[in-house]
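Okay, so here's the structure we're looking at.
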Amino acid sequence: MMSPMPKQLSEARSSYSTSSTFGLQIIHIIGNFLRIWSVYSMYRYLSHTGASVVLFIFTCVVPSAFIFLVLQKPWKGRPLSNSQVIPSVINGGITALYFVLWGKGLKSCGPVRAILGEYSGAVLGVLSAVLYGSRGHIWKKVGGLIAVFTSYYFLSQGWATATSSPFYILYDSPDDEVQTEQVLGMKTMLIPIFAGILSALKRVIARRVSLKNQLKRRLNAITIASATCFLFPIAMWDMIVGSTDVELPFSAWAFSSFILFGIILIFYVDSLAEERLHMVFSSPRHLMVSGICIIVMEIVYKMDFALLGFLLCSIILGFGIYEATSLDRDVSTSNLNNIRLNFDALY
(Lines give C-alpha, C1' and ligand atoms only; values in the text may rest on other atoms or scores of the structure.)
Protein backbone atom coordinates (compact mmCIF):
# COMPACT_ATOMS: atom_id res chain seq x y z
CA MET A 1 0.00 0.00 0.00
CA MET A 2 1.42 3.37 -1.01
CA SER A 3 2.05 6.00 1.61
CA PRO A 4 -0.03 9.20 1.36
CA MET A 5 3.06 11.25 2.17
CA PRO A 6 4.03 12.09 -1.45
CA LYS A 7 0.50 13.34 -2.17
CA GLN A 8 0.43 15.45 1.00
CA LEU A 9 3.88 16.80 0.22
CA SER A 10 2.77 17.72 -3.28
CA GLU A 11 -0.34 19.49 -1.97
CA ALA A 12 1.76 21.39 0.59
CA ARG A 13 4.17 22.50 -2.11
CA SER A 14 1.28 23.59 -4.35
CA SER A 15 -0.32 25.57 -1.51
CA TYR A 16 2.99 27.24 -0.64
CA SER A 17 3.62 28.09 -4.29
CA THR A 18 0.15 29.63 -4.65
CA SER A 19 0.49 31.77 -1.52
CA SER A 20 4.01 32.81 -2.50
CA THR A 21 2.86 33.82 -5.99
CA PHE A 22 -0.02 35.83 -4.55
CA GLY A 23 2.34 37.65 -2.19
CA LEU A 24 4.71 38.48 -5.03
CA GLN A 25 1.81 39.82 -7.10
CA ILE A 26 0.80 42.10 -4.22
CA ILE A 27 4.39 43.36 -3.96
CA HIS A 28 4.43 44.00 -7.71
CA ILE A 29 1.17 45.97 -7.58
CA ILE A 30 2.31 48.07 -4.59
CA GLY A 31 5.70 48.73 -6.21
CA ASN A 32 4.12 49.92 -9.46
CA PHE A 33 1.58 52.01 -7.58
CA LEU A 34 4.34 53.80 -5.67
CA ARG A 35 6.31 54.34 -8.87
CA ILE A 36 3.31 55.81 -10.70
CA TRP A 37 2.56 57.96 -7.65
CA SER A 38 6.07 59.37 -7.89
CA VAL A 39 5.52 60.06 -11.61
CA TYR A 40 2.40 62.12 -10.86
CA SER A 41 4.26 64.00 -8.12
CA MET A 42 7.07 64.73 -10.57
CA TYR A 43 4.61 65.91 -13.23
CA ARG A 44 2.85 68.26 -10.84
CA TYR A 45 6.19 69.65 -9.66
CA LEU A 46 7.48 70.25 -13.21
CA SER A 47 4.22 71.72 -14.50
CA HIS A 48 3.73 74.07 -11.55
CA THR A 49 7.32 75.29 -11.13
CA GLY A 50 8.51 75.23 -14.75
CA ALA A 51 11.77 73.65 -13.59
CA SER A 52 14.23 72.09 -16.03
CA VAL A 53 13.50 68.44 -16.76
CA VAL A 54 17.18 67.62 -17.32
CA LEU A 55 18.28 69.18 -14.05
CA PHE A 56 15.53 67.38 -12.14
CA ILE A 57 16.45 64.02 -13.68
CA PHE A 58 20.17 64.57 -13.03
CA THR A 59 19.52 65.59 -9.42
CA CYS A 60 17.56 62.36 -8.89
CA VAL A 61 19.90 60.00 -10.75
CA VAL A 62 23.03 61.07 -8.81
CA PRO A 63 21.82 59.86 -5.37
CA SER A 64 20.18 56.83 -6.99
CA ALA A 65 23.54 55.79 -8.48
CA PHE A 66 25.19 56.22 -5.07
CA ILE A 67 22.53 54.08 -3.36
CA PHE A 68 22.79 51.34 -6.01
CA LEU A 69 26.59 51.27 -5.66
CA VAL A 70 26.35 51.01 -1.86
CA LEU A 71 23.72 48.26 -2.00
CA GLN A 72 25.23 46.12 -4.76
CA LYS A 73 28.98 46.81 -4.38
CA PRO A 74 29.89 45.77 -7.96
CA TRP A 75 33.61 45.87 -7.05
CA LYS A 76 33.17 42.97 -4.62
CA GLY A 77 32.67 39.30 -5.38
CA ARG A 78 33.64 37.63 -8.63
CA PRO A 79 35.48 40.09 -10.91
CA LEU A 80 33.41 41.38 -13.81
CA SER A 81 34.74 40.82 -17.31
CA ASN A 82 35.07 43.51 -19.98
CA SER A 83 32.31 41.78 -21.96
CA GLN A 84 30.00 42.57 -19.04
CA VAL A 85 31.24 46.00 -17.97
CA ILE A 86 31.53 47.64 -21.41
CA PRO A 87 27.91 46.84 -22.51
CA SER A 88 26.71 48.04 -19.08
CA VAL A 89 28.53 51.35 -19.55
CA ILE A 90 27.05 51.72 -23.04
CA ASN A 91 23.68 50.86 -21.54
CA GLY A 92 24.22 53.79 -19.19
CA GLY A 93 24.28 56.13 -22.18
CA ILE A 94 21.01 54.63 -23.44
CA THR A 95 19.53 54.98 -19.95
CA ALA A 96 20.56 58.65 -19.77
CA LEU A 97 18.92 59.39 -23.14
CA TYR A 98 15.82 57.48 -22.04
CA PHE A 99 15.53 59.55 -18.85
CA VAL A 100 15.83 62.83 -20.76
CA LEU A 101 13.27 61.90 -23.44
CA TRP A 102 10.87 60.36 -20.93
CA GLY A 103 11.07 63.40 -18.65
CA LYS A 104 10.40 65.78 -21.53
CA GLY A 105 7.56 63.56 -22.70
CA LEU A 106 6.07 63.59 -19.20
CA LYS A 107 6.17 67.38 -19.03
CA SER A 108 4.73 67.93 -22.52
CA CYS A 109 2.31 65.00 -22.81
CA GLY A 110 1.19 64.32 -19.26
CA PRO A 111 1.53 61.20 -17.07
CA VAL A 112 -0.99 58.99 -18.90
CA ARG A 113 0.72 59.30 -22.28
CA ALA A 114 4.22 59.15 -20.76
CA ILE A 115 3.52 55.95 -18.80
CA LEU A 116 1.67 54.17 -21.62
CA GLY A 117 4.35 55.32 -24.07
CA GLU A 118 6.84 53.12 -22.21
CA TYR A 119 5.11 50.06 -23.68
CA SER A 120 6.21 51.00 -27.20
CA GLY A 121 9.08 48.56 -26.74
CA ALA A 122 6.88 46.08 -28.59
CA VAL A 123 8.54 47.56 -31.70
CA LEU A 124 11.62 45.49 -30.82
CA GLY A 125 9.45 42.36 -30.91
CA VAL A 126 8.47 43.14 -34.49
CA LEU A 127 12.12 43.75 -35.36
CA SER A 128 13.11 40.39 -33.89
CA ALA A 129 10.42 38.68 -35.98
CA VAL A 130 11.70 40.36 -39.15
CA LEU A 131 15.25 39.20 -38.41
CA TYR A 132 14.69 35.76 -36.86
CA GLY A 133 11.00 34.81 -37.10
CA SER A 134 8.86 33.02 -39.65
CA ARG A 135 6.66 34.78 -42.18
CA GLY A 136 3.49 33.94 -40.26
CA HIS A 137 4.81 35.50 -37.09
CA ILE A 138 5.94 38.60 -38.96
CA TRP A 139 2.43 39.49 -40.11
CA LYS A 140 1.04 38.74 -36.67
CA LYS A 141 3.56 41.10 -35.11
CA VAL A 142 2.98 43.80 -37.71
CA GLY A 143 -0.73 43.64 -36.93
CA GLY A 144 0.08 44.04 -33.25
CA LEU A 145 2.33 47.00 -34.06
CA ILE A 146 -0.49 48.69 -35.99
CA ALA A 147 -2.76 48.26 -32.96
CA VAL A 148 -0.08 49.76 -30.67
CA PHE A 149 0.31 52.88 -32.82
CA THR A 150 -3.47 53.15 -33.24
CA SER A 151 -3.74 53.33 -29.47
CA TYR A 152 -1.03 55.99 -29.32
CA TYR A 153 -2.78 57.99 -32.03
CA PHE A 154 -6.01 57.96 -30.03
CA LEU A 155 -4.07 59.03 -26.93
CA SER A 156 -2.43 61.88 -28.85
CA GLN A 157 -5.90 63.07 -29.93
CA GLY A 158 -6.99 63.28 -26.31
CA TRP A 159 -9.29 60.26 -26.13
CA ALA A 160 -8.25 59.69 -22.51
CA THR A 161 -9.18 63.26 -21.50
CA ALA A 162 -12.67 64.41 -20.61
CA THR A 163 -12.33 67.65 -22.62
CA SER A 164 -11.28 65.99 -25.90
CA SER A 165 -12.71 62.47 -25.69
CA PRO A 166 -15.23 61.44 -28.38
CA PHE A 167 -17.34 60.26 -25.44
CA TYR A 168 -17.47 63.77 -24.03
CA ILE A 169 -21.27 63.70 -23.80
CA LEU A 170 -20.90 61.19 -20.96
CA TYR A 171 -18.84 63.60 -18.87
CA ASP A 172 -19.65 66.86 -17.16
CA SER A 173 -17.58 69.94 -17.88
CA PRO A 174 -14.41 69.84 -15.74
CA ASP A 175 -14.19 72.01 -12.61
CA ASP A 176 -11.88 75.00 -12.44
CA GLU A 177 -9.45 73.09 -10.21
CA VAL A 178 -9.11 70.28 -12.77
CA GLN A 179 -5.97 70.61 -14.89
CA THR A 180 -7.20 70.27 -18.47
CA GLU A 181 -5.02 68.80 -21.22
CA GLN A 182 -4.94 69.76 -24.88
CA VAL A 183 -4.81 67.68 -28.04
CA LEU A 184 -1.11 67.22 -28.81
CA GLY A 185 -0.90 65.42 -32.12
CA MET A 186 1.22 62.41 -33.04
CA LYS A 187 4.40 64.48 -33.47
CA THR A 188 4.57 65.34 -29.76
CA MET A 189 3.51 61.80 -28.83
CA LEU A 190 6.67 60.49 -30.53
CA ILE A 191 8.78 61.71 -27.59
CA PRO A 192 7.44 59.19 -25.02
CA ILE A 193 7.25 56.54 -27.75
CA PHE A 194 10.99 56.86 -28.51
CA ALA A 195 11.64 56.87 -24.76
CA GLY A 196 9.73 53.59 -24.46
CA ILE A 197 11.78 52.01 -27.25
CA LEU A 198 15.00 53.06 -25.50
CA SER A 199 13.65 51.64 -22.23
CA ALA A 200 13.02 48.28 -23.90
CA LEU A 201 16.45 48.37 -25.56
CA LYS A 202 18.26 48.89 -22.25
CA ARG A 203 16.37 45.95 -20.72
CA VAL A 204 17.29 43.74 -23.68
CA ILE A 205 20.97 44.65 -23.31
CA ALA A 206 20.84 43.96 -19.56
CA ARG A 207 19.38 40.49 -20.22
CA ARG A 208 21.95 39.75 -22.91
CA VAL A 209 24.84 40.63 -20.61
CA SER A 210 23.64 38.45 -17.74
CA LEU A 211 20.70 36.19 -16.98
CA LYS A 212 21.66 35.75 -13.32
CA ASN A 213 19.68 38.06 -11.07
CA GLN A 214 22.47 38.84 -8.61
CA LEU A 215 24.92 39.68 -11.38
CA LYS A 216 22.25 41.74 -13.14
CA ARG A 217 21.90 43.87 -10.01
CA ARG A 218 25.63 44.50 -9.83
CA LEU A 219 25.71 45.51 -13.48
CA ASN A 220 22.67 47.76 -13.00
CA ALA A 221 24.66 49.74 -10.43
CA ILE A 222 27.34 50.28 -13.08
CA THR A 223 24.68 51.24 -15.63
CA ILE A 224 23.10 53.91 -13.39
CA ALA A 225 26.53 55.27 -12.45
CA SER A 226 27.39 55.44 -16.14
CA ALA A 227 24.07 57.19 -16.84
CA THR A 228 25.03 59.81 -14.25
CA CYS A 229 28.28 60.49 -16.10
CA PHE A 230 26.45 60.82 -19.42
CA LEU A 231 23.84 63.12 -17.88
CA PHE A 232 26.39 65.44 -16.29
CA PRO A 233 27.45 67.33 -19.46
CA ILE A 234 23.84 67.47 -20.65
CA ALA A 235 22.75 68.97 -17.33
CA MET A 236 25.60 71.49 -17.38
CA TRP A 237 24.77 72.47 -20.97
CA ASP A 238 21.11 72.84 -20.04
CA MET A 239 22.06 75.01 -17.07
CA ILE A 240 24.41 77.28 -19.02
CA VAL A 241 22.81 77.50 -22.48
CA GLY A 242 19.70 75.41 -22.90
CA SER A 243 17.27 76.78 -20.33
CA THR A 244 16.24 80.38 -19.76
CA ASP A 245 15.24 79.51 -16.19
CA VAL A 246 17.86 77.42 -14.40
CA GLU A 247 16.21 77.57 -10.98
CA LEU A 248 15.30 74.22 -9.44
CA PRO A 249 12.88 74.80 -6.55
CA PHE A 250 13.20 72.12 -3.92
CA SER A 251 10.32 69.75 -3.20
CA ALA A 252 11.14 66.98 -0.74
CA TRP A 253 8.35 64.66 -1.88
CA ALA A 254 8.88 65.12 -5.64
CA PHE A 255 12.62 64.40 -5.41
CA SER A 256 12.59 61.68 -2.73
CA SER A 257 9.63 59.77 -4.19
CA PHE A 258 11.13 59.64 -7.67
CA ILE A 259 14.52 58.56 -6.29
CA LEU A 260 13.16 55.86 -3.98
CA PHE A 261 10.13 54.64 -5.95
CA GLY A 262 10.67 55.81 -9.53
CA ILE A 263 14.25 54.56 -9.90
CA ILE A 264 15.37 52.26 -7.07
CA LEU A 265 12.31 50.34 -5.86
CA ILE A 266 10.85 49.76 -9.32
CA PHE A 267 14.09 48.13 -10.50
CA TYR A 268 13.93 45.49 -7.74
CA VAL A 269 10.17 45.01 -8.13
CA ASP A 270 10.38 44.50 -11.91
CA SER A 271 13.37 42.17 -11.49
CA LEU A 272 11.42 40.13 -8.94
CA ALA A 273 8.37 39.99 -11.20
CA GLU A 274 10.47 38.92 -14.17
CA GLU A 275 12.33 36.24 -12.22
CA ARG A 276 9.57 34.79 -10.03
CA LEU A 277 6.33 35.68 -11.83
CA HIS A 278 7.73 35.52 -15.41
CA MET A 279 6.10 38.92 -16.02
CA VAL A 280 8.18 41.13 -18.31
CA PHE A 281 7.57 44.86 -18.56
CA SER A 282 6.15 44.87 -22.11
CA SER A 283 3.29 42.50 -21.39
CA PRO A 284 -0.50 42.87 -21.13
CA ARG A 285 -0.38 41.77 -17.47
CA HIS A 286 2.05 44.54 -16.59
CA LEU A 287 -0.06 47.02 -18.57
CA MET A 288 -3.17 46.00 -16.64
CA VAL A 289 -1.45 46.69 -13.30
CA SER A 290 -0.24 50.09 -14.54
CA GLY A 291 -3.67 50.92 -15.92
CA ILE A 292 -5.36 50.32 -12.56
CA CYS A 293 -2.78 52.50 -10.80
CA ILE A 294 -3.22 55.26 -13.42
CA ILE A 295 -7.00 55.30 -12.91
CA VAL A 296 -6.54 55.72 -9.15
CA MET A 297 -3.98 58.51 -9.55
CA GLU A 298 -6.04 60.37 -12.18
CA ILE A 299 -8.99 60.44 -9.78
CA VAL A 300 -6.92 61.39 -6.72
CA TYR A 301 -5.07 64.18 -8.53
CA LYS A 302 -8.30 65.38 -10.22
CA MET A 303 -6.83 65.25 -13.71
CA ASP A 304 -8.61 65.78 -17.02
CA PHE A 305 -9.56 62.13 -17.37
CA ALA A 306 -12.06 60.11 -19.42
CA LEU A 307 -12.32 56.56 -18.08
CA LEU A 308 -14.05 55.06 -21.13
CA GLY A 309 -11.57 56.56 -23.59
CA PHE A 310 -8.65 55.45 -21.44
CA LEU A 311 -9.97 51.89 -21.20
CA LEU A 312 -10.47 51.73 -24.97
CA CYS A 313 -6.90 52.95 -25.64
CA SER A 314 -5.51 50.53 -23.03
CA ILE A 315 -7.39 47.55 -24.48
CA ILE A 316 -6.14 48.30 -27.99
CA LEU A 317 -2.60 48.78 -26.65
CA GLY A 318 -2.78 45.54 -24.65
CA PHE A 319 -3.99 43.62 -27.72
CA GLY A 320 -1.18 45.09 -29.80
CA ILE A 321 1.43 44.15 -27.20
CA TYR A 322 -0.01 40.63 -26.97
CA GLU A 323 0.25 40.12 -30.73
CA ALA A 324 3.60 41.87 -31.14
CA THR A 325 5.25 39.72 -28.44
CA SER A 326 3.55 36.43 -29.38
CA LEU A 327 6.68 34.68 -30.66
CA ASP A 328 8.73 35.65 -27.61
CA ARG A 329 5.96 34.45 -25.32
CA ASP A 330 5.66 31.12 -27.14
CA VAL A 331 9.42 30.56 -26.96
CA SER A 332 9.63 31.43 -23.28
CA THR A 333 6.64 29.19 -22.47
CA SER A 334 8.22 26.34 -24.41
CA ASN A 335 11.48 26.77 -22.54
CA LEU A 336 9.66 26.80 -19.19
CA ASN A 337 7.78 23.61 -20.09
CA ASN A 338 11.04 21.90 -21.08
CA ILE A 339 12.63 22.91 -17.78
CA ARG A 340 9.65 21.56 -15.84
CA LEU A 341 9.70 18.28 -17.78
CA ASN A 342 13.42 17.85 -17.13
CA PHE A 343 12.88 18.67 -13.45
CA ASP A 344 10.02 16.17 -13.12
CA ALA A 345 12.12 13.50 -14.83
CA LEU A 346 14.61 13.65 -11.95
CA TYR A 347 11.97 12.44 -9.47
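In region 16-65, carbon and sulfur make up what percent of the accessible area (probe 1.4 Å)? All intermediate terms of the calculation are to be shown ahead of the outcome.
Values: 1360 of 1900 Å².
In region 16-65, the share of accessible area belonging to carbon and sulfur is 72 percent.
What do you get for trypsin sites (Lys or Arg not before Pro) in region 54-153 restricted to DSSP loop and a cutoff of at most 12 other Cβ within 10 Å of the site's Cβ?
Working: sites: LYS76, LYS104, LYS107, ARG113, ARG135, LYS140, LYS141; in loops: LYS76.
Here the trypsin sites (Lys or Arg not before Pro) that fit, given the DSSP loop and packing criteria, are LYS76.
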| What's the extension gain from MET288 to LEU307 if we count 0.36 nm per residue and subtract their Cα-Cα distance? | 5.4 nm
| query | Within the set LYS73/LYS202; LYS107/LYS202; LYS140/LYS212; LYS107/LYS302; LYS104/LYS216, which residue pairs have Cα atoms separated by over 26 Å? | reply | LYS140/LYS212; LYS104/LYS216
| message | Under a crude label model (7 Å from the Cα following the beta-carbon direction), how far is ILE299 from LEU277 in nanometres? | response | 2.1 nm
| request: State, to one decimal in nm, how far the label point of LEU71 lies from the label point of MET236, with both points 7 Å from Cα in the Cβ direction. | output: 2.9 nm
| Between ARG78 and VAL204, what length comes free when the chain is fully extended (0.36 nm per residue of separation minus the Cα-Cα distance, one decimal in nm)? | 43.1 nm
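Starting from the Cα-Cα distance between LEU127 and ASN213, subtract it from 0.36 nm times their residue separation and give me the gain in nm to one decimal. Walk me through the numbers before you get to the answer.
On the way: separation 86, 0.36 × 86 = 30.96 nm, distance 2.61 nm.
Answer, rounded to one decimal: 28.4 nm.
The values are calculated or read from the model by the stated rules, or taken from the named source; none is laboratory data. No experiment lies behind these values; they were computed from the predicted model shown. FYI the Cβ positions are ideal-geometry reconstructions off the backbone, even for glycines, and counts take in every protein chain you see. The area values use the complete protein model at the heavy-atom level, side chains included, leaving out ligands, DNA and RNA. Shrake-Rupley method; radii C 1.70, N 1.55, O 1.52, S 1.80 Å.
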